[in-house]
Amino acid sequence: MSIDRTIATRTFLAAMAVFLVVFSVSPGRLQAQTAAWGNNAVYTGTPTASVTFSTAYIDASVFAFKYTGGASKNDICTILNYVYSTSGIIPPAGAVIDARGIPVGSSNPCAASTSPWPTSSTLPPTTVLLPPGAIFMSTAWVLPNQTRIIGAGRTNTAIVVPAALATGTPMIQMGSSSTCPSGGYCTGVGISDLEINGQPTATSNALDVIGIQNEYSQDGSYVSHVTFHWVEGIALDIETSGANNSGPYTDLTPSAGGTSCTVTSPTYCSAQSTSTACIKIVNAQTKGIHGFTCTASGVPYAGVYLDANSNTIEDGHFEGVVDGIAVGAHDSAAGNVILNITGAIGGGGSDSSSGPIVNTVHICNPAKTYGTTNACTTFAGGSVTDLTLSEIQSYTGAEYAILDDETVTSLQSISAYSVGIGAGIYVLGEPTAGGYSRLSTFNQPSTSSSTTWPVATWGYASTTPPTSGGCAVGSIFSNSSGTASGTDTLYICVGGGTSPTWKAYK
Amino acid sequence: MTAKAVLLRFLFFATAMILLGWISTSPTRALAQGCSPVAGNNLVYGNCSTQSSFGSQSYIDVSSATTSATGDLCARIASVLATSGLKAGTVVDARGIVPPTPLSCSSDPFIIGVNGSGQPIFAPPSVVLLPSGTITTSSSWVVPDETQLIGEGPGITTLQAASGFADPFVYAGTNGTANPAVIHMGAPNTSATVTQGIVFAVRILHLTVDGNRQTVSSTYIDGIDNNNAEEQSYVDDVTIQNVLANGLYLSADPDSTGDGAADHSGPYTNIVFQQTSGLPKSATNCVNITANVEPRGIHGISCLGDSTSAATYAILLNGNSTTIEDARIDGFNTGIYVGSTGDPTQANLLFNITGTDTVGSVTNLINIDNTGTGSSPINLAISAVSLTTSAGTPCTIDDHTTSTCVTNSSVGMYLLGQPVSTSNITYGYSRFTTSPNFATWIVGSTSASITGKSCTANGSIFSSTTGTGGSMWACVAGAWK
């Protein structure tokens, strides 16, 4: 063998060796095996003492730089869609996808007709961390099964409605018939720590759309710590048995949208729709709505529509809706619990422009004839039963804490300057011949100038009841100091008209 | 040159070209132009041309980003928070800072400067992760708008007031008072030095706040105070200890009603208040909710005093429309004091409240006041309360509006409604309780069980579901009639 041949041969072999070594440890090679771009880099420790990858985590921002030749592919929707659509990036068992490093904003909107998720019912479970800034949608998003999206906090991450989204269309759907498993329903779909913005651009009017809609996601599915900014349609829409056992939906701050919106302080949409609502629950038995503040201009007929059974609504506050919660407005409602709800007129901050409220809770009577200017509607066979209300409060003078159309009862603040009025408890049971089983602690006349009381209650004292001033007909009064010889222990309010009085019974 | 030599040279160059071509077109090469990590960024797989990893902009590790810094923990956190262009919501991870870097703070990590008017400049929204260990601070911390402060867990991360603790936000204004506190949720506004206004989404999670029995101008300091943080603000999974004033103080801005309050904040969940040394003072409160404030509630709290039960009240409830649920009181003389200031507190809901005597006895679990100058509490719903105590004459519910001391160790329901009154004279209250010791409603199938029997609560009603022997009876002077 000549020297020349030996050098050439050795060069060839060395080159091949280098090639093989480089190839065997290159990212591309690793990617082809088990790693993917964006995997967390972790330290292996001794004895190798090197950096390797963790498939539990994928930083999607690295894919923003994959397309150096096509800037149009650098938007968050396209990148996430690529991550989900490309085999080998997300392990079958799922991963955290960190998109917080992807640039967003008006200069980098989602590409036309592109959602972060391809339509599939077999995507792996993922948790997606969204970046701060405004994410301009181009089409509605449908969250797949076992998918959670988490923003950088209220107003930090804002998902902005596309200007062309059709009226009544949801911006985000929690599952769908084509993305949920074959059983028909999704689980574990979550949305938290972000803003849903119903105003397409900073200078435009809000759109009549739905912020988030759940018709297909059940256990483990929720919305929490979410602000809804100027959604003119329904901020959160939970409908049908497909949403059964979802929730709880916690810590929500929906503000109603409309037209004639102003962007300088105070910011609000002065022309709002009567059909706008913060939350709608229709024929779904959920784990409830726990904690919300619903604000509007005073025009929307109701903040929350509760047309379903077996839900809890607690720790809520309303400003600027006619009815805070309308129960049974469009469908029957039974077995619901509503706790600690307040209504008040807006005010207090320089940005506050919320309107007044009339009824904190309005119990509809489907058999009653309603006009078209009311949250309640008339429909055959409907009813509201087994409803427990506790600590329902109106902080607006002369307005109503509870308006019960089933028993024609109104619990009204007795004076315009009152700091508030409400009921410690108001339980509406079920209809019996001639009435309803019912228990209330409310004990105020209907108005400051009236001598009629709206609801019978049970009074207690260690003395006899007043002999004048009226009382709620049918009420009971117990005197713990009643004597054996006298008829001064139990009293019943009788009479009616303008001069009901306590009559000794036993 | 032989044909074989030509072939070998061809193989060499061909191999080299393949190798170079592969390297130049690989993902490694393609990523090279997009890499711009800064110190402390999380490294993720996805190569740059000269680096093995790619920097994630969503995260900054304080220990790496401030390696040249000489300051304490707070100074190093503040230096990161002051970074120009810091994205809102960035995770600022200080968990990697360990001794010998002192886990002490001479300043508030969330104050990153002073403006031309001398007012503090607060950090932009972020998520700050604190390290394990005890962090001593000489100054109160203000957690600003849309900021989360997260420890590694109660007892694992402790924020402790240092000796000589100072709080620049103490202020007595026309609308209220800002007390000295280890942590403020938002900055209390003063008419001149601080004008931050209302804040939202201020969150404190997974740590211990230790007041270390410190004072400011002879006033004992609070643990966590909220004068300004409203919707989406809360405290979760936090232990508050060695605080001799208020563990958790929920009030209004001291300067103006327009600058916010603790309204609609919460619920405050999974809180433990305890003393690890020394005796609490009579004015020590686990929670203090002041008049006219409307937080969403306290859901899950243990208020632990000491064996002397020297602390008078665990929870002062003078606000409105608040739920307190799943609470345990131990070692306080009184558990929940409703309407202590005489303000017309209303529309509060208390349920699953337990008094125990493991630490010290509880005399009254729930005290409803009637001694103030304003209206008495109304519309108070109490459900599922129980008291186990060694106190001599305890009241599970002590209702001064109706002069009722419910001594049953547990009570299913006690509803206090509104006054039965005329001409401004209150005769009684609408009320319902399931305690058989007070006027209640008993339902049975037949009156035979009560006929000729004595009864304990005058004014009680017995309804017979069969009507045998009479349908309705009343307890009159100790006998059923």
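The values are calculated or read from the model by the stated rules, or taken from the named source; none is laboratory data. Keep in mind that what you see is a predicted model, and the values were worked out from it rather than measured. Methodologically, a virtual Cβ is constructed for each residue, glycine included, from the backbone with ideal geometry; neighbour enumeration extends over all protein chains shown. In case anyone asks, the SASA skips ligands and DNA or RNA and just uses the protein heavy atoms, side chains included. Shrake-Rupley method; radii C 1.70, N 1.55, O 1.52, S 1.80 Å.
Whole-Hz Karplus values for segment A:118-128 come out as x, 6, 7, 9, 10, 5, x, x, 9, 10, 9 Hz, taken residue by residue from phi with 6.51 cos²θ - 1.76 cosθ + 1.60 and θ = phi - 60°; glycine and proline positions read x. What value, in deg cm²/dmol to 500, does the helix sum -39500 (n - 2.57) over DSSP H runs of n ≥ 4 give at 222 nm once divided by the residues of chain B? Counting only the DSSP helices, I get -2500 deg cm²/dmol.
Just so you know, the Cα atoms of chain B work out to an Rg and Dmax of 31.1, 131 Å. For A:S221, the residues 5 or more places off, or on other chains, whose built amide H falls under 5 Å of its own are A:G188, A:V189, A:G247. The value of relative contact order for chain B, using C-alpha pairs under 8 Å at least six residues apart, is 6 percent.
Within segment B:321-476, the proportion of Cα pairs with more than 27 Å between them is 31 percent.
A cut-off under 9 angstrom between Cβ atoms defines the neighbours of B:N367, and their net charge, with Lys, Arg +1 and Asp, Glu -1, is -3. Hydrodynamic analysis of segment B:245-347 uses the Kirkwood radius over alpha carbon pairs. Inserted into Stokes-Einstein at 20 °C and 1.002 mPa s, it gives a translational diffusion coefficient of 156 µm²/s. Nearest 10 degrees, 0 to 90: what angle lies between the long axis of helix B:3-25 and the longest principal axis of chain B (Cα atoms)? Between helix and principal axis, roughly 30 degrees.
Rolling a 1.4 Å probe across all protein chains gives B:K453 an accessible area of roughly 110 Å². What does the charge count near A:A329 come to, summing +1 for each Lys or Arg and -1 for each Asp or Glu among other residues with Cβ under 9 Å from its Cβ? Combined, the nearby Lys, Arg, Asp and Glu give -3. With K and R counted +1 and D and E -1, the other residues having a Cβ less than 15 Å from that of A:T457 yield a net charge of +1. Compared with its chain on its own, segment B:447-481 contains the following residues whose accessible area drops by 30 Å² or more in the full protein assembly (probe 1.4 Å; ligands, DNA and RNA excluded): B:N458, B:G459, B:I461, B:M472, B:A474, B:V476, B:A477, B:K481. For the residues of A:472-483, the average number of beta carbons from a partner chain within 10 Å of their own beta carbon is 5.
Ranked by the mean number of other Cβ atoms within 10 Å of their residues, highest first, the peptides A:478-487, A:157-166, A:136-145, B:114-123 fall in the order A:136-145, A:157-166, A:478-487, B:114-123. Distances between placed amide hydrogens fall under 5 Å for B:C105 paired with B:T136, B:T137, B:S138, all partners being 5 or more residues away or on another chain. Summed over both chains, the area buried between A and B is near 7400 Å², taken from the accessible surface of protein heavy atoms with a 1.4 Å probe.
For a test of the definition: using alpha carbon positions, the gyration tensor, and the 1.5 limit on a/c, classify segment A:173-332 as rounded, prolate or oblate. Because a/c hits 1.5 or more and a/b exceeds b/c, segment A:173-332 counts as prolate. B:L387 exposes around 10 Å² of accessible area when a 1.4 Å probe is run over every protein chain in place. Shape summary: segment A:39-403 maps onto an equivalent ellipsoid whose semi-axes, from the alpha-carbon gyration tensor, are 39, 23, 18 Å in decreasing order.
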